[in-house]
Amino acid sequence: MSDLYARENMLDHIKNPRNRGKMVNADIKTKVVNRHCGDILSLYANIEAGKIKKITFDGDGCAVAMSSASMILEDIQGIDLKNLSKVTKKQVLKNFGQDLTPSRQNCALLVLEGLQQLNKKLNKNAKKDEE
């Protein structure tokens, strides 16, 4: 992905975020905070038939953090739960091209931290259901 396209894509997601909003009836939710800058991101998901039926986000943070959430959640709508743990740092960062400093990478990766927490909660719930 060219850096120019990546910048334009990020700006589009800032101006027109996808999947943004609180989900009142979420099956599972989590909240993460970037301890370096204070960005806050909440993720909400509805699960059906072993897949993420719908996933949304809400939060208060910089353009990088919010656009990153918008971009990656757009990519994973409908994903099988078993593939949620396969979302990678590289996959998240590729949406930004080559321009992110290490501190901005922390902002972009906040959504990945949230997805990892969701996955842990889902696995914990699955183990409870098996007992």
remark   = Counting Lys and Arg as +1 and Asp and Glu as -1 over every other residue whose Cβ sits under 12 Å from the Cβ of LYS31, the net charge comes to -1
Equivalent-ellipsoid semi-axes of the chain, from the Cα gyration tensor, Å, largest first = 25, 15, 14
inquiry  = Which of VAL24, VAL111, VAL33 ends up with the largest GNM mean-square fluctuation for the chain, with Cα atoms connected below 10 Å?
reply    = VAL24
Ascending count of other beta-carbon atoms within 10 Å, so fewest first, for LEU41, LEU110 = LEU41, LEU110
inquiry  = Below 10 angstrom from the Cβ of THR56, what's the summed charge of the other residues (Lys, Arg +1; Asp, Glu -1)?
reply    = +4
task = First select every other residue whose beta carbon is under 11 angstrom from the beta carbon of GLY21; then total the charges, Lys and Arg +1, Asp and Glu -1.
result = +3
query = What is the gain in length, in nm to one decimal, between LYS86 and THR101 on full extension, counting 0.36 nm per residue of separation less the C-alpha to C-alpha distance?
reply = 3.0 nm
inquiry  = Looking only at the chain, where both bridge partners belong to it, what percent of the DSSP beta bridges are antiparallel (to the nearest 5)?
reply    = 95 percent
request  = Over the chain, calculate the relative contact order: mean separation of alpha carbon pairs under 8 Å at least 6 apart, over the residue count, as a percent.
outcome  = 29 percent
query = Taking H as built 1.01 Å from N, whose amide H comes closer than 5 Å to the amide H of GLY61, not counting residues under 5 places away?
reply = ILE40
remark   = Going through LYS15/LYS51; LYS53/LYS94; LYS82/LYS124; LYS94/LYS120; LYS22/LYS86 one by one, the pairs whose alpha carbons sit over 22 Å apart turn out to be LYS15/LYS51; LYS53/LYS94; LYS94/LYS120; LYS22/LYS86
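Readers should treat all values here as calculations from the given coordinates under stated rules, not as data from a laboratory. Since this is a predicted model, take the numbers as computed values, not measurements. Here the Cβ is made from the backbone with ideal geometry for all residues, glycine too, and neighbour counts use every protein chain on show.
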